[in-house]
Each structure stands twice: as C-alpha cells, then as structure tokens.
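Written below as structure tokens is the structure these notes are about.
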C-alpha cells in the first residue's frame, strides 16, 4: 500500500487508501488504513488498521486494528483489537483488550480483559461503567417521564 507522509505542516484533513505517517504536524481529521502520529496532533482518527501515537495526541479514535499510545493521549476510543498505553492517557476505552502500563490514565474502560500495571490509574472499569450507565439511564427515563 502507498504511504502518505506529512511533516511540519498544518493540514485540514487527510484521507488515504494506504498508510498515513504524520510527524510534527497538525491535522484536522485522518481517515486511512494504518495511522502513525509522532510528535503530532490530530482531530478525529478513523483507521481500518492500526493506530500508533508517540509523543502526540488526537481526538476520538475508531480503528479496526490495535491502538498503541506512548507518551501521548487521545479522546474516546473504540478499538476492535487491543489498546496499549504507556505514560499516556485517554478519556475512555472500548476494546477487545486493554493493557495499561506505568504512568497511564484512563477515565473509563470497557473491555473483557484489562491489565493494569503499577502506577497506572483507571477511574471506572467495566462493571462500574455498566452500573453507572444503568443508573444514568434510569435517572434520565424518570426525569423525562415526570416532565410529561
């Protein structure tokens, strides 16, 4: 597959059938097969393959492969494969497996298998998130019913 490389630029959006490699750049949105961000920032990222973020960040991530974050962060993530975070963080993770290394932080994790290393923090895990969602749904339903 062809690879698209952006270095030291500001780009509105990138869409490629192949891989996208972004280094020291700012991109509004990315849609590609594999996405690699190195010392770069992006808005939403959609990938049919893997996403790798190293010393950078992005908005929401939706990918069919794996997500790897090293010394970076992103918004909410929906990942078909595994999520691995080392010295970084994300708002929420919905994935097949989540591996949180030292120095990582995740607000909410919903995955069948979660590995949390020493020094990593998780605000809410899968059972806590399910309970929170049930209570929130019930509260909203009662509020809307009462307004009628």
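What follows is calculated from the coordinates using simple rules that are stated; it is not laboratory data. Computed from a prediction, not measured in an experiment: that's the story for all the values here. Don't worry about glycine lacking a Cβ; one is built from the backbone with ideal geometry, like all the others, and counts go over all protein chains shown.
With viscosity 1.567 mPa s and temperature 4 °C, the Kirkwood radius over alpha carbon pairs of the chain converts through Stokes-Einstein to a diffusion coefficient of 82 µm²/s. Annotation for residue 10 and residue 147: the two label points, set 7 Å from Cα along the Cα-Cβ direction, are 4.0 nm apart.
If you sort the three axes of the alpha carbon gyration tensor as a ≥ b ≥ c, you get a/c of 1.5 or more for the range 5-72 and a/b no higher than b/c, which makes it oblate.
Quick check: residue separation of residue 64 and residue 134 times 0.36 nm, minus the Cα distance between them. What number comes out in nm?
Values: separation 70, 0.36 × 70 = 25.20 nm, distance 2.74 nm.
Residue separation times 0.36 nm, minus the Cα-Cα distance, leaves 22.5 nm.
Picking from 19, 34, 118, which is most flexible by a Gaussian network model of the chain using Cα springs under 10 Å? The residue that fluctuates most here is 118.
Estimated purely from DSSP H runs of n ≥ 4, each contributing -39500 (n - 2.57), the mean residue ellipticity at 222 nm for the chain is -5000 deg cm²/dmol once divided by its residues. May I ask for the angle, rounded to the nearest 10°, between helix 126-147 and the longest principal axis of the chain, with both axes built from Cα atoms and the value confined to 0 to 90°? With rounding to tens, the tilt is 60 degrees.
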